[in-house]
Amino acid sequence: TTVVRREDYTAPAYWIDTVELSFDLDPAKTRVLNKMRLRRNADVPAQALRLDGEDLNLARVLVNGAGCSFRMDGNQLVLESLPEGSEPFELEIFTTCAPEKNTQLMGLYVSQGTFFTQCEAEGFRRITYFLDRPDVMASYTVTLRADKKKYPVLLSNGNLVEEGELADGRHFAKWVDPHKKPCYLFALVAGELVAREQRIVSRSGTEHLLQVFVRPGDMDKTEHAMNSLIASVAWDEARFGLPLDLERFMIVATSDFNMGAMENKGLNIFNTKYVLANSATATDTDFANIESVVGHEYFHNWTGNRVTCRDWFQLSLKEGLTVFRDQEFSMDLCAEPSARAVKRIEDVRVLRTAQFPEDAGPMAHPVRPDSYVEINNFYTVTVYEKGAEVVRMMQTLVGREGFAAGMKQYFARHDGQAVTCDDFAQSMADANPASDLARLLPQFKRWYSQAGTPRLKAQGVYDSSTRSYALTLTQSCAPTPGQSVKEPFVIPVAIGLLDAQGGELPLQLAHWNQPEAGTRSFVLTQESETLTFVNLDAEPVPSILRGFSAPVVLDFDYSDAHLLTLLAHDVDPFNRWEAGQRLALRLALKAIQSEGALPAEPLDMAFIEAMRAVLRHPALDAAFKELVLTLPSETYISEQLDVVDPQRVHAVREAMREQLAQALHDDWVWAFEAHRDNGAYRPDPLSTGRRALTGMALTMLCLAARASGSPVWPGKTLQRFKDAGNMTDRFNALSALVVSGHPLASDALARFHQLFRNEALVLDKWFALQAGAPDRGGDVLPAVRRLMSHADFNLKNPNRARSVIFSYCSANPGAFHRADAAGYQFWSDCVIELDAFNPQVAARLARALDRWKKLAEPYRATAREAIARVAARTQLSNDVREVVTRSLA
Ligand code: B3K
Ligand code: ZN
């Protein structure tokens with residue numbers, strides 16, 4: 001295995017200006033003719049041309065039309081005797097590959113009889129020999145030839161310039177991409193597809209054709225994706241002045257895909273999960289995910305495609321920025337400010353439950369990593385979600401308008417280039433010369449270079465004699481692998497102060513001469529700084545890190561009374577929600593750390609009453625209520641502990657949930673009745689929130705019925721399951737029965753399968769619900785094994801594999817961490833089996849045991865053994881090898 005290091009970057013020895021690709025598509029043997037114009041890069045010493053290739057059969061190499069000598073060095077094709085000088089020359093390479101045997105789903109592969117490609121990060125080398133690196137940008141002309149009957153639709157990037165018939169029932173299509181691009185953005189699709197089409201006129205008056213391609217039976221599930229695309233185009237023009245730069249923009253859905261979607265220039269390829277939706281088959285969450293993934297891939301058209309990455313270490317340049325953009329897009333689509341806050345809370349929840357653990361574990365890496373073995377392992381929540389938080393902090397430091405100006409500067413300077421994270425930060429700073437970002441830029445960039453989640457400790461001291469409140473902020477960051485010492489970060493801290501009744505107090509510092517009510521932003525740069533607020537008649541309740549203004553852990557020794565005040569009154573919805581989470585977390589930790597038997601009722605009256613008040617609150621949104629009433633996840637609770645007994649964590653959280661179910665029984669009945677009717681299905685934030693809250697109410701009522709033995713609510717739930725007018729309500733009802741372990745669940749599950757046996761994405765939900773169900777006496781693992789021998793299970797399909805295996809190993813800690821180690825044994829079997837044909841999916845699964853060092857015995861020792869068992873295999877992919885090696889280090 002070779003380690004790739006950021007510091008070793010050198011410019012390419014050759015440039016590829018144009019590429020003409022011709023494909024004769026055949027699942028068993030596809031022939032690829034690749035004609036390139038190259039020239040030497042005069043800026044680097046003369047050297048051989050080394051082209052990347054993988055799983056290719058090489059038939060012929062011609063230089064300027066004549067045969068030439070070449071050799072292989074590992075996977076690279078090496079050409080030593082090329083024409084001297086800086087004149088361009090032509091290189092022709094003829095290869096074949098076998099798409100139907102491509103189980104990795106990287107390069108050219110077949111899914112349900114249709115050809116697809118996936119090239120990012122390094123898949124293009126599985127199609128032809130090439131300089132497979134993002135800083136080589138070329139113009140592409142692509143000719144596709146295939147059997148017309150089997151592959152009536154032939155697509156590639158750019159514009160269709162020619163099509164026609166060939167002999168033997170074959171036909172062809174020729175595509176020219178008007179934009180230069182790195183090869184990771186190349187795509188082709190060939191198969192039997194139908195398209196929903198929409199013509200739009202942009203602000204500047206140009207016409208564009210938007211198309212969403214799916215399999216013939218799926219047309220009735222394309223409206224939402226198309227609407228999301230139309231909204232994305234409009235948003236990028238309105239907010240950033242970035243227009244669609246193509247005559248035609250295509251999205252194609254495939255059911256075999258390693259991740260969510262891919263932003264190939266003008267020809268996005270999507271996992272069906274992020275395209276197909278109608279009210280009968282998709283939940284509100286699906287609708288929201290489709291909106292943000294369609295937006296995300298579309299926004300890459302500028303942030304990623306027009307300006308791309310110099311090398312893969314700069315991945316967050318496009319990913320962090322584009323996640324930030326899709327988050328803002330979804331927020332801007334919300335009509336009500338409260339819905340924006342809900343979206344922010346959901347995004348922070350992802351960051352804290354997935355990225356914070358990554359940052360504290362063996363795979364911790366900076367937003368801009370320094371080295372990797374397999375780049376596919378670095379498409380992480382750190383690069384994506386923490387990267388987005390770093391961009392968000394830039395916006396906080398320069399303001400919304402300043403940020404738009406910075407984006408403008410970035411494109412003015414770098415359009416058509418392959419650049420670095422430094423280039424982006426510099427553009428932002430230069431467009432805002434008077435900002436804190438410009439002043440603090442080198443220090444700010446530690447967010448790119450230092451891994452680990454900073455801790456922000458706040459301590460408040462009120463002095464009645466001076467009527468002042470001194471708030472001391474101290475930052476620290478624990479060592480991460482390879483980085484033992486951390487320098488202070490630039491941390492924007494948004495602060496408000498409340499009085500004991502919850503009213504907003506004016507904030508006045510010695511040097512802020514105007515007192516001002518509401519949120520003030522302070523930028524912490526030192527290890528420790530003290531803010532002294534004056535003119536305060538009593539000790540205030542501080543609301544710190546409003547809106548989650550920085551991706552840090554905030555430690556403040558709040559009293560319960562303070563938290564209850566914040567929960568009841570804070571004007572900042574994020575901190576209002578956060579106060580409830582802190583109260584719940586405190587009770588959970590107390591119960592987990594108590595000696596001896598677990599308390600049956602971990603919650604106290606104050607907490608229960610506070611939850612009741614939120615649930616019954618006349619002014620709060622249903623969506624916000626649902627978030628507040630949701631207890632911190634087992635993963636999040638576990639992260640707060642030094643030593644984790646997953647069974648104890650699970651038992652405590654379940655006990656808390658059951659107590660909440662029983663103590664608020666009548667309130668849940670009210671919540672269900674008051675929100676159940678939503679009229680015709682619309683996936684807007686308001687009705688989505690109502691459905692979420694009714695779904696939660698049903699789960700709570702079924703849990704309460706478990707304790708009381710009453711058949712009433714399980715019966716009503718089954719009825720709702722049967723009568724539901726949309727998938728959200730139907731699935732929530734089914735889930736309530738499954739989660740509460742009610743006997744009616746098996747009947748409902750069977751019926752659900754019967755109803756949706758031809759809907760792959762719905763079946764994924766059916767599998768996932770069962771694999772993710774709360775464990776009762778170790779019953780989930782046997783159920784998982786049964787699901788894997790179900791006729792509808794297919795390990796080769798990533799969505800299906802994830803719906804069972806990942807739902808169990810990564811999303812069901814209470815069932816996965818078994819004292820008999822059977823969960824871990826199962827995990828290692830799956831990692832090994834998957835790795836033999838799809839290393840990317842296997843490597844994702846391999847990360848399920850990242851946090852094994854935190855586990856209590858016997859889990860810790862048996863988890864280690866399971867990882868060692870995987871690591872001991874001689875036949876491992878680089879992907880899995882890197883993950884397990886780092887895990888054991
Ligand atoms: N850029 C792709 C991810 C490619 C993953 C390669 N292993 C999707 C996205 O982030 O938009
Ligand atoms: Zn992306």
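Close Cβ contacts (under 7 Å, 6 or more residues apart or on different chains) running from residues in region 214-243 that are closer than 17 Å to Thr322 by Cβ and charged (D, E, K, R) to residues that are at pLDDT 95 or above and assigned to a helix (DSSP H, G or I) comprise Asp236/Phe299; Arg239/Asp332.
For every residue, the table says whether it meets (1) without any contact (Cβ under 8 Å) to a residue 12 or more places away in the chain; (2) small (Gly, Ala, Ser).
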{"position": "Asp560", "(1), (2)": "no, no"}
{"position": "Gly580", "(1), (2)": "no, yes"}
{"position": "Ala588", "(1), (2)": "no, yes"}
{"position": "Ala591", "(1), (2)": "no, yes"}
{"position": "Glu601", "(1), (2)": "no, no"}
{"position": "Ala606", "(1), (2)": "no, yes"}
{"position": "Ala613", "(1), (2)": "no, yes"}
{"position": "His617", "(1), (2)": "yes, no"}
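So is Val233 away from ligand 1 (no atom under 15 Å from the Cβ) and not basic (Lys, Arg) or not? For Val233, the condition - away from ligand 1 (no atom under 15 Å from the Cβ) and not basic (Lys, Arg) - is met.
Looking only at residues in region 309-324 that are within 11 Å of ligand 1 (Cβ to nearest atom) and not aliphatic (A, V, I, L, M), the one that is farthest from Thr420 (Cα to Cα) is Thr322.
Arg368 satisfies every condition listed in (1) within 16 Å of ligand 2 (Cβ to nearest atom); (2) within 21 Å of the chain's Cα centre (by Cα); (3) not in a loop (DSSP other than H, G, I, E, B) except (3).
Summed over region 37-54, residues that are surrounded by 14 or more Cβ atoms within 10 Å (Cβ to Cβ) and either touching a Ser or Thr at 6+ places or on another chain (Cβ under 7 Å) or free of Cβ contacts under 8 Å to residues at least 12 places away in the same chain (or both) total 3. Does Asn289 count as within 16 Å of ligand 1 (Cβ to nearest atom) and assigned to a loop (DSSP other than H, G, I, E, B)? For Asn289, the condition - within 16 Å of ligand 1 (Cβ to nearest atom) and assigned to a loop (DSSP other than H, G, I, E, B) - is not met.
Let me confirm something: among Asp775, Asp764, which residue is touching a residue at least 40 places away in the same chain (Cβ under 8 Å), in contact with a His (Cβ under 8 Å, 6 or more places away or on another chain), surrounded by 15 or more Cβ atoms within 10 Å (Cβ to Cβ) and of a type in the set (D, E, K, R)? On inspection, the qualifying residue turns out to be Asp775. Restricting attention to region 478-527, the residues that are aliphatic (A, V, I, L, M), within 20 Å of Gln459 (Cα to Cα) and over 27 Å from the mean Cα position of the chain (by Cα) add up to 10.
Every residue, every condition in (1) closer than 19 Å to Asn838 by Cα; (2) touching a Gly at 6+ places or on another chain (Cβ under 9 Å); (3) charged (D, E, K, R), yes or no:
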position	(1), (2), (3)
Arg31	no, no, yes
Leu38	no, no, no
Met106	yes, yes, no
Phe124	yes, yes, no
Ile127	yes, yes, no
Lys148	no, yes, yes
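Taking the condition over 20 Å from Arg310 (Cβ atoms), away from ligand 1 (no atom under 16 Å from the Cβ) and surrounded by 19 or more Cβ atoms within 10 Å (Cβ to Cβ), does Gly460 pass? Yes: the conditions hold for Gly460. So how many residues does region 294-316 have that are hydrophobic (A, V, I, L, M, F, W, C), more than 17 Å from Gly123 (Cα to Cα) and within 11 Å of ligand 2 (Cβ to nearest atom)? Number satisfying all stated conditions: 1. So, in region 737-782, exactly how many residues are under 28 Å from the mean Cα position of the chain (by Cα) and closer than 28 Å to Arg653 by Cβ? Residues that pass the stated criteria total 16. Among the residues making up region 298-318, those that are buried (at least 24 other Cβ atoms within 10 Å of the Cβ) and not in a loop (DSSP other than H, G, I, E, B) are Tyr298, Phe299, Thr303, Thr308, Phe313, Gln314, Leu315, Ser316, Leu317, Lys318. Test Ser279 against the criterion of being away from ligand 1 (no atom under 16 Å from the Cβ), closer than 30 Å to Leu131 by Cα and touching a residue at least 24 places away in the same chain (Cβ under 8 Å), and give yes or no. Answer is no for this residue. Listed by position, the strands (runs of 3 or more DSSP E) enclosed by region 155-228 that each have at least 1 residues that are among the polar types (S, T, N, Q), crowded, with 18+ Cβ neighbours inside 10 Å and at negative phi are 207-214. The set of residues in region 116-150 being over 30 Å from the mean Cα position of the chain (by Cα) and either surrounded by fewer than 22 Cβ atoms within 10 Å (Cβ to Cβ) or among the charged types (D, E, K, R) (or both) consists of Ser139, Thr141, Thr143, Arg145, Asp147, Lys148, Lys149, Lys150. Contact map, region 289-312: residues that are of a type outside the set (Gly, Ala, Ser) paired with residues that are within 11 Å of ligand 2 (Cβ to nearest atom) and not in a helix (DSSP H, G or I), Cβ distance under 6 Å, separation 6+ or inter-chain. Pairs shown: Val293/Gly260; Val293/Ala261; Glu297/Ala261; Glu297/Glu263; Glu297/Asn268; His300/Glu263. When region 398-407 is filtered for residues that are surrounded by fewer than 19 Cβ atoms within 10 Å (Cβ to Cβ) and under 26 Å from the mean Cα position of the chain (by Cα), the ones remaining, listed by number, are Gly399, Arg400, Ala404. State all residues of region 151-204 that are over 29 Å from the mean Cα position of the chain (by Cα) and among the hydroxyl-bearing types (Ser, Thr, Tyr); if no residue qualifies, say none. The answer is Tyr151, Ser202, Ser204.
Among the residues making up region 274-293, those that are aliphatic (A, V, I, L, M) and within 14 Å of the chain's Cα centre (by Cα) are Ala288, Ile290, Val293.
Ala550 passes every criterion in (1) in a loop (DSSP other than H, G, I, E, B); (2) crowded, with 21+ Cβ neighbours inside 10 Å; (3) touching an Asp or Glu at 6+ places or on another chain (Cβ under 7 Å) apart from (3).
The values are calculated or read from the model by the stated rules, or taken from the named source; none is laboratory data. Just so we're clear, the structure is a prediction, and the values are computed from it rather than from any experiment. As a convention, Cβ positions derive from the backbone with ideal geometry for all residues, glycine included, and neighbour counts pool all protein chains shown.
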